[in-house]
Amino acid sequence: MEFSRLRPLRRPLLAAAALTALAALAPGALAGAVAPGGLPSPEKGLNLLVVGVDSRKGVTADEKERFHLGGKECDCTDVMMLVHVSEANDRVEVVSLPRDSLTSFPEGHVDRRTGTTHAAHHAKINGAWAEGGSAFTVKTVESMTGLPVHRYLEIDFRRFMDTVDRVDGGVPVCTEEPLKDPSTGIDLAPGTTRVAGGEALQYVRSRKADGQMDFGRIRKQQRFVVNTLLRLHDTVLDDPERLKAFAAGLRGTAAAERGLSTAELLTLAARLGDLPPERMEFATVPVRGFHPAIEGVGSTLVWDEEGAAEVFGRLAEDRPLPAREAVAPSAIPAAAYRPARGSSLICP
């Protein structure tokens, strides 16, 4: 397998998010985005890349202590979700890309931090943002999936916490077993709990409490997207002023490669209307197993070439995700390919 590319295909984190969630979260606020005019209407559906950046910029010392954010930021994308909206606007598929996915960066790209021109080298997918920002992240995801990324949305810790705090009564999160993670400080009893911004960030960052590693964290992020969407529908969407304020906090003003604009998000919201959770589907890209540690890169995950090609090939054809049985089992039990309807992720 060539790590930088699967077989060519025609045709994309809150915390990663479903496009319905994006339309709900962001209309009215993206004045700082850089994007061509007009939201595209591709013949085979619209692809968006949503990333969550591990950045503590703007986080106070008190918040760092309360929410266990005092560690060194990785300056990388810890959440990556590829969101596909069908041409008919009657389906949304969301495929999470694990942060430790092995890829290779091409020769000749310039590191935005140092100005150094790199030789080709192996890397984790989440390092693309650190080396080349949004443009290089988009290029990397396009190379690995064979799909064009039409638009991009980026969220950091500060914006995540502030926008969740705007949801009246918080967002419900649920767990069947106690969820206690010393790394993030989250400590939840079984059942459903409503969380505000800081605790919500602890929840979507938690990966050490349930033995599911990053795959458990991804499922938490997907569940959080669905439940945030439902709360927004109940508390924000019918109030234009609150919606604009909510969206402004989420997006911020930073320019981004193919960043969603205000008008485009409003168009998107209009296209999707009241798309119900059962018309949304969430999955993680099929993973074959761990790759031996690479010097300077560390431990990584290798995608299952055939399974990933089947997933992205379906999206290229504007078809629903393949069933679980259509993808070979992973060597990592927690990484089993398990597409889930949005309706199955709603907290009681």
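The values are calculated or read from the model by the stated rules, or taken from the named source; none is laboratory data. As the structure is a computational prediction, the values presented were derived from the model and not from experiment. Neighbour counts are summed over all protein chains in view; Cβ atoms, including those assigned to glycine, are modelled from backbone coordinates with ideal geometry.
Restricting to strands (runs of 3 or more DSSP E) lying wholly in the stretch 177-221: which have 2 or more residues that are farther than 20 Å from residue 231 by Cβ?
On the way: elements: 179-181, 186-188, 191-195.
Once the strands (runs of 3 or more DSSP E) in the stretch 177-221 are filtered for at least 2 residues that are farther than 20 Å from residue 231 by Cβ, what remains is 179-181.
Would you mind telling me which numbered condition in (1) surrounded by fewer than 24 Cβ atoms within 10 Å (Cβ to Cβ); (2) in contact with a helix residue (DSSP H, G or I) (Cβ under 9 Å, 6 or more places away or on another chain) residue 117 fails?
Condition not satisfied by residue 117: (2).
List, please: which pairs have Cβ atoms under 7 Å, are six or more places apart or on different chains, and start with a residue in the stretch 215-230 that is of a type in the set (Gly, Ala, Ser) and end with one that is in a helix (DSSP H, G or I)?
Once the first residue is of a type in the set (Gly, Ala, Ser) and sits in the stretch 215-230, its partners that are in a helix (DSSP H, G or I) give 216/334.
Which of the residues spanning the stretch 60-78 are touching a helix residue (DSSP H, G or I) at 6+ places or on another chain (Cβ under 6 Å) and among the β-branched types (Val, Ile, Thr)?
Selection gives 77 alone.
Within the stretch 137-158, how many residues are assigned to a helix (DSSP H, G or I) and over 23 Å from residue 111 (Cβ atoms)?
Initially, the stretch 137-158 is screened for residues assigned to a helix (DSSP H, G or I), giving 137-145, 157-158.
If we keep only those that are over 23 Å from residue 111 (Cβ atoms) as well, we get 145, 157-158.
Total satisfying the criteria: 3.
Of all residues in the stretch 140-156 being more than 22 Å from residue 265 (Cβ to Cβ) and not β-branched (Val, Ile, Thr), which is surrounded by the most Cβ atoms within 10 Å (Cβ to Cβ)? Full working, then the answer.
Just the residues of the stretch 140-156 that are more than 22 Å from residue 265 (Cβ to Cβ), to begin with: 140, 143-146.
Now narrow it down to the ones that are not β-branched (Val, Ile, Thr): 143-144, 146.
On the way: 143: 18, 144: 24, 146: 19.
Looking at the filtered set, the residue picked out is 144.
Mind counting the residues in the stretch 271-317 that are in a strand (DSSP E or B), surrounded by 14 or more Cβ atoms within 10 Å (Cβ to Cβ) and of a type in the set (A, V, I, L, M)?
First, the residues of the stretch 271-317 that are in a strand (DSSP E or B): 280-284, 287-294, 298-303.
Then drop every residue that is not surrounded by 14 or more Cβ atoms within 10 Å (Cβ to Cβ), which leaves 280-284, 287-288, 290-291, 294, 300-303.
Among the residues that remain, those that are also of a type in the set (A, V, I, L, M) are: 280, 283, 287, 294, 301-302.
Looking only at that region, the number is 6.
Out of all the residues in the stretch 245-267, is one or more assigned to a helix (DSSP H, G or I) and at pLDDT 95 or above?
Quick first cut of the stretch 245-267, residues assigned to a helix (DSSP H, G or I) only: 245-251, 262-267.
Next cut, at pLDDT 95 or above only: none.
There is no residue in the stretch 245-267 that is assigned to a helix (DSSP H, G or I) and at pLDDT 95 or above.
Return the residues of the stretch 318-335 that are under 21 Å from residue 84 (Cα atoms) and in a loop (DSSP other than H, G, I, E, B); say none if nothing qualifies. Full working, then the answer.
The initial filter retains those residues of the stretch 318-335 that are under 21 Å from residue 84 (Cα atoms), namely 318-324, 326-327.
Answer for the stretch 318-335, where residues must be under 21 Å from residue 84 (Cα atoms) and in a loop (DSSP other than H, G, I, E, B): 318, 319, 320, 321, 322, 323, 327.
State all residues of the stretch 76-98 that are under 30 Å from residue 111 (Cβ atoms) and either over 8 Å from the mean Cα position of the chain (by Cα) or not polar (S, T, N, Q) (or both); if no residue qualifies, say none. Walk me through it before giving the result.
Let us first name the residues in the stretch 76-98 that are under 30 Å from residue 111 (Cβ atoms), namely 76-83, 95-98.
Scanning the stretch 76-98 gives 76, 77, 78, 79, 80, 81, 82, 83, 95, 97, 98.
How many of the residues making up the stretch 53-63 are surrounded by 15 or more Cβ atoms within 10 Å (Cβ to Cβ) and in a helix (DSSP H, G or I)?
Keep residues of the stretch 53-63 that are surrounded by 15 or more Cβ atoms within 10 Å (Cβ to Cβ), which gives 53-56, 59, 63.
Those still in the list that are in a helix (DSSP H, G or I) too: 63.
Counting residues in the stretch 53-63 that are surrounded by 15 or more Cβ atoms within 10 Å (Cβ to Cβ) and in a helix (DSSP H, G or I) gives 1.
Looking at this structure, is residue 31 over 20 Å from the mean Cα position of the chain (by Cα), loosely packed, with under 15 Cβ neighbours inside 10 Å, more than 23 Å from residue 98 (Cα to Cα) and at pLDDT below 90? Even if it seems obvious, please write down each step before you answer.
Details: over 20 Å from the mean Cα position of the chain (by Cα): yes; loosely packed, with under 15 Cβ neighbours inside 10 Å: yes; more than 23 Å from residue 98 (Cα to Cα): yes; at pLDDT below 90: yes.
Yes.
One residue is enough: does the stretch 157-168 have a residue meeting the conditions at pLDDT 95 or above, within 20 Å of the chain's Cα centre (by Cα) and closer than 21 Å to residue 232 by Cα? Don't jump to the end; show me each part of the working.
Step one: of the stretch 157-168, the residues at pLDDT 95 or above are none.
Within the stretch 157-168, none of the residues are at pLDDT 95 or above, within 20 Å of the chain's Cα centre (by Cα) and closer than 21 Å to residue 232 by Cα.
Going by what's in this entry, would residue 238 be described as surrounded by fewer than 15 Cβ atoms within 10 Å (Cβ to Cβ) and either in a strand (DSSP E or B) or at pLDDT below 80 (or both)?
Working: surrounded by fewer than 15 Cβ atoms within 10 Å (Cβ to Cβ): yes; either in a strand (DSSP E or B) or at pLDDT below 80 (or both): yes.
For residue 238, the condition - surrounded by fewer than 15 Cβ atoms within 10 Å (Cβ to Cβ) and either in a strand (DSSP E or B) or at pLDDT below 80 (or both) - is met.
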